[in-house]
Amino acid sequence: MSEMHVVAFLVENRPGVLFNISNMFRRKNFNIHSITAGTVLDDDTVRITIVVQADARGVNQVVEQLDKMVDVIEVKRLDPLRAVNRELALVKLTTTDPMAREEALKLVNDYHGLILNIEPDNLIAEVTGESADIDAFLAAVTPIGVEEVSRTGVTAIEKGRLKLEK
Amino acid sequence: MVEMAGTKAFVKSLELEGVKYVFGLPGGVVIPLCDEILNGDFRFILARHEQGAAHMADGYARATGGVGVCLATSGPGATNVVTGIATAHSDSSAVVAFTGQVTRATIGTDAFQEVDIIGCSASVTKYNMQVRKASEIPKAVKTAFQIASTGRRGAVLVDLPKDVTTDVEDVSFPETVKLRGYHPNYQPDPREVEWAANLLAKAQRPVVVAGGGIINSGASRELVALCEYLMAPTATTLMGKGAFPADHPLSLGLCGMHGTQAANNLVPEADVLLIAGARLSDRTTGSVKSFAPNAKVIHLDIDRSEIDKNVETVTRVVGDASLGLRGLLYNVSKLRASGDAGSQWSKRVSEFRLQMNGTGNGHKEGYLRAPDVVKTLRNALPREAIVTTEVGQCQMWAALHYDAYDPRTFFTSGGLGTMGWGFPAAIGVKAARPDVPVVDIAGDGSFGMTENSMATSIEEDLPVVVVVLNNHMLGMVAQWQRLFFDHRYSAVKLKGNPDMVKLAEAYGAEGVRVDTLEGFQAAVRRAIKSDVSTVIDVPIDPEENVYPIVPPGAGLKDALLEA
């Protein structure tokens, strides 16, 4: 059965690595749902988190194909029960109507979000959570009026002593 | 640290890798490199097309088991190399391609002969890189050779901007490079080996399918020992030809779309199937569902990602084939005595071995039958001769009817199926093995694609023999049109092809046309003694089909045997 899997990996910080990885996903017909990347403690290493839609055999192939790449240092499919997933969304809400503004502020508060900017006609909210929380927040604010959304995609880390590096 | 120009660092790096031949073609941005190559301790073989240069390097790599090197200029030179490295990579052949690039400052400006070869080659290489500083050239060369020649071999491309090669910098030559993300896994996990050996020891109807990994690992002796111990009949994939001696009583020959009746019937009947160093492409398995319906499949491969990719396995052994097979034999020998598991199985095996190579193929009177030509060629050549093939009908006739007895005596473009591969590859093989006759089994369609390599063969004194099975057709496509497209020919007739004899003579090679098997045998014997290359033109029936053929999508047992 096809479902979402979170795969986390470390790569060499070298020009073209991100291209090579996305190219491999395209070549092998894997379906990337989201991808996030950033350097970690040292500047030589980039940690990438990919959410991929695949069945069990498919996600195994994703991990094996990544592992095979010379620039991939470590790779792991994260067990959803033993990892924390977070995503951040920036949402611009229409608030020309004062009632709408009131409602927006309440919802942002309910979802433990922040208000980053306020203009006469709109405001920008920042919401962090699991992808499902963000989906729920977006559903809740849609009646108010959503002008623009920017989501980061999932980043994840394992619980307890588990970690990516050996 | 020594101060030197990038060009010098490049040539010295190749020397340190023990490079004997570089196959290539110059162009604007590699003129400085070519100038320095004059001082190098290796031979530069001038090709007439960069694709040919890459195929020569590929042939050289396969024949030696080492690394083949090619060099091309930027832009069209580099894109011409792409087919060559894709072919090598697809067949796990260690080729390192160096391409020139425009200067660092002009990259991205769409300069003359600029192409993003890193982007172009990413999907068809094991690794690629653009060198950004002269001082990094030795490390780049070392990295390229290390990655190409270890683990599962493959093609690596190194892009060299012109000013990187002309800059003078402090340079040092590392003995090894450490790569954090690259750890080829040779030693199999003993638990995996034990588990697999348990299955093999209990098998009633064991079958082995051996692939090119056996040849790359040098594991033929281990393979034969295990198969003999188990009395397991052994088929090979196209890439595995030569991994198991064709004249061995347990040999089933080729398995797959144009496999022998023996292999294609017995593989699906196995109760335990050992896949050794093969990646099980669609051409080997036919319909995956009916490939091994009742078998517990054991997959031995150095590339973990191949396991469960196409065929689901019960157990795996990840590691070097020779170590894996040795481990399996050791463990199996602790569990059971040598010999037959069930006498019925050996009876069935010997029954099928009698009808190995298919039967009639409805060719017209007055033409030589292609299978007879191939068998006559085998008889006319010494045991250690090396054969390359082109792609299409000629390739499948060669695969079915040419008996290869030893590893590295039969080379073909199996994965990519690149027409025009066999001839330049044969020239590369000849560079590696000047002591043995090298023969390309060709068709007129394929030969036409890289026939200009003849100029290289003549001037570099690398004589090979090209047997052109000449049907003035793109034969395999024509065969599919006859069988699956209601006999409607579209774009397959090669009426304008040149006279092969005159073509050979125009290059200063020898050309001969034969119309009897005796004449053919005599021509081969003469050709392998000649100082120049020979083209032997053998007219065959344009309507002749390769049989057996498993129709696309069908199971191995559903082969068509004749028209």
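The values are calculated or read from the model by the stated rules, or taken from the named source; none is laboratory data. Given the structure is predicted, the values throughout are model-derived calculations rather than measurements. In this analysis, Cβ positions are derived from the backbone assuming ideal geometry, glycine residues included, and neighbour counts consider all displayed protein chains.
Structure data summary
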{"item": "Pairs where the first residue, in the range B:457-471, is closer than 13 Å to B:THR389 by Cβ and the second is among the basic types (Lys, Arg), C-beta under 9 Å, 6+ apart", "result": "B:VAL464/B:LYS430"}
{"item": "Hey, B:ALA341 surrounded by 19 or more Cβ atoms within 10 Å (Cβ to Cβ), of a type outside the set (Ser, Thr, Tyr) and at pLDDT below 95 or not", "result": "yes"}
{"item": "Any hit, the range B:403-414, residues being basic (Lys, Arg) and under 24 Å from B:HIS258 (Cα atoms)", "result": "yes"}
{"item": "Candidate set: the range A:130-166, residues that are at positive phi and surrounded by 12 or more Cβ atoms within 10 Å (Cβ to Cβ); chosen: the one nearest to the chain's Cα centre (by Cα)", "result": "A:GLY153"}
{"item": "Filtered residues of the range B:510-563 (kept if in a strand (DSSP E or B) and of a type in the set (Lys, Arg))", "result": "B:ARG513"}
{"item": "Wholly within the range B:253-327, strands (runs of 3 or more DSSP E) carrying at least 2 residues that are crowded, with 23+ Cβ neighbours inside 10 Å", "result": "B:272-276, B:296-301"}
{"item": "B:GLY358 being modelled with pLDDT under 95, part of a loop (DSSP other than H, G, I, E, B) and crowded, with 20+ Cβ neighbours inside 10 Å", "result": "yes"}
{"item": "Lone qualifier among A:ALA54, A:ALA89 - being in the same structural domain as A:ASN31 (by TED's automatic domain parsing), in contact with an Asp or Glu (Cβ under 9 Å, 6 or more places away or on another chain) and of a type in the set (Gly, Ala, Ser)", "result": "A:ALA54"}
{"item": "Test: A:LYS76 is touching a Leu at 6+ places or on another chain (Cβ under 9 Å), within 30 Å of B:VAL156 (Cα to Cα) and charged (D, E, K, R)", "result": "yes"}
{"item": "Flag if B:VAL501 is surrounded by 14 or more Cβ atoms within 10 Å (Cβ to Cβ), in a helix (DSSP H, G or I), touching a strand residue (DSSP E or B) at 6+ places or on another chain (Cβ under 6 Å) and among the β-branched types (Val, Ile, Thr)", "result": "yes"}
{"item": "Among the residues listed as B:ILE137, B:ILE107, the single one being in contact with a Leu (Cβ under 8 Å, 6 or more places away or on another chain) and in contact (Cβ under 8 Å) with a residue 12 or more places away in the chain", "result": "B:ILE137"}
{"item": "Residues satisfying the stated conditions in the range B:303-328, i.e. of a type in the set (A, V, I, L, M, F, W, C) and within 11 Å of chain A (Cβ to nearest Cβ)", "result": "B:ILE307, B:VAL318"}
{"item": "Only one of B:LEU300, B:LEU273 that is modelled with pLDDT of 95 or more and either farther than 28 Å from A:MET69 by Cβ or in contact with a His (Cβ under 9 Å, 6 or more places away or on another chain) (or both)", "result": "B:LEU273"}
{"item": "Residue ID - surrounded by the most Cβ atoms within 10 Å (Cβ to Cβ), chosen from residues in the range B:423-471 that are under 16 Å from the mean Cα position of the chain (by Cα) and small (Gly, Ala, Ser)", "result": "B:ALA425"}
{"item": "All strands (runs of 3 or more DSSP E) inside the range A:1-90 with 2 or more residues being within 13 Å of chain B (Cβ to nearest Cβ)", "result": "A:3-12, A:45-54, A:72-77"}
{"item": "Filter result for B:GLY414 (outside the structural domain of B:ARG48 (by TED's automatic domain parsing), under 24 Å from the mean Cα position of the chain (by Cα) and under 20 Å from B:GLU50 (Cα atoms))", "result": "no"}
{"item": "Residues that are more than 18 Å from A:VAL17 (Cα to Cα) and surrounded by fewer than 18 Cβ atoms within 10 Å (Cβ to Cβ), drawn from the range A:42-57", "result": "A:GLN53, A:ASP55, A:ALA56, A:ARG57"}
{"item": "Residue within the range B:129-145 that is buried (at least 24 other Cβ atoms within 10 Å of the Cβ), away from every other protein chain (no Cβ under 14 Å) and in a strand (DSSP E or B) present", "result": "no"}
{"item": "Identity of the residue in the range B:254-269, over 17 Å from the mean Cα position of the chain (by Cα) and small (Gly, Ala, Ser), that ends up farthest from B:GLY212 (Cα to Cα)", "result": "B:ALA262"}
{"item": "Test: residue in the range B:184-199 that is surrounded by 17 or more Cβ atoms within 10 Å (Cβ to Cβ), in contact with a strand residue (DSSP E or B) (Cβ under 8 Å, 6 or more places away or on another chain), over 28 Å from B:SER346 (Cβ atoms) and within 14 Å of chain A (Cβ to nearest Cβ)", "result": "no"}
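Yes/no per residue for (1) of a type in the set (Ser, Thr, Tyr); (2) part of a helix (DSSP H, G or I); (3) touching a residue at least 12 places away in the same chain (Cβ under 8 Å):
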| residue | (1), (2), (3) |
| --- | --- |
| B:CYS394 | no, yes, yes |
| B:LEU400 | no, yes, yes |
| B:TYR405 | yes, no, yes |
| B:GLY417 | no, no, yes |
| B:ALA426 | no, yes, yes |
| B:ASP435 | no, no, no |
| B:ALA442 | no, no, yes |
